[in-house]
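Comments concern the structure below.
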Amino acid sequence: MRWACAALAAILAAGCGYRFTAGGAPLPEGIRSVCAPVYRNRTAEPGLEALFTESMREWLSRSGAASSGGCDATLEGEITSLAGAQTLLTPAETLASYRVSAVVQLKLVKGGRVVAQAEVAGAEDYLPARQPAGDVLITEANRQAAIRRLADALARDGYERLAGGW
């Protein structure tokens, strides 16, 4: 019985070959640690720079490229646009959803030289408040959640483009 338990434990410990590793592709020129200063915000929307920078720093951390001390390179970001629009009107002429979109310019700089750069753009949909009678606070909370999802998606896409060189 003891032998069977030991064998079962060994099989379970071996697993299926899965292991935890840093996500994302490696950055060019052997860059291992990246500092990400606060993005520049060229839009009229206040606070975007903090939100988009935080998303990129989280992605760098997940990818194993976040700096814990010195930096091999700096990732500079600039939010160049943020726009919103209605996406769909129902036959009864009521608004079904909104869309928020953004464009971000990224530069990976090492030793004062641009190693890689990318422009990423994306959009996220969100719903307007239904009750009570289109409460603007609920709609704005949905909009902010969509902007957060958009920042996260653009951070991931931006990192992959900088790492992949496209």
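Bear in mind that the values in this text are calculations on the coordinates, not laboratory data. Since the model is a prediction, treat every value here as computed from it, not as a measurement. As a convention, Cβ positions derive from the backbone with ideal geometry for all residues, glycine included, and neighbour counts pool all protein chains shown.
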Under unit Cβ charges (Lys, Arg +1; Asp, Glu -1), what dipole magnitude, rounded to 20 debye, does segment 25-164 have relative to its Cα centre? 300
Please report the net charge: other residues with Cβ closer than 15 Å to the Cβ of Ala155, K and R +1, D and E -1. -3
Applying 1/(1 + (r/R0)^6) with R0 = 30 Å to the Cβ-Cβ distance of Arg113 and Arg32, what FRET efficiency is obtained, to the nearest 0.05? 0.95
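Please report, in whole Å³, the volume per residue of the convex hull around the C-alpha atoms of segment 26-120. Don't jump to the answer; show the numbers that get you there.
Working: hull volume 11.0 nm³, N = 95.
It is 116 Å³ per residue.
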A chain fully extended from Arg40 to Ser97 at 0.36 nm per residue, minus the present Cα-Cα distance, gains in nm 17.6 nm
Karplus ³J(HN,Hα) for segment 118-128 (6.51 cos²θ - 1.76 cosθ + 1.60, θ = phi - 60°; Hz, whole; x = Gly/Pro) runs 7, 10, 10, 9, x, 8, 9, 9, 8, 9, x
In order through segment 72-84: 3J(HN,Hα) via Karplus (6.51 cos²θ - 1.76 cosθ + 1.60), integer Hz, x for Gly, Pro: 6, 8, 10, 9, 9, x, 9, 8, 8, 7, 9, 9, x
If you count, for each residue, the other Cβ atoms within 10 Å and average over each peptide, how do 51-57, 34-40, 141-147, 112-118 line up from highest to lowest? 51-57, 34-40, 141-147, 112-118
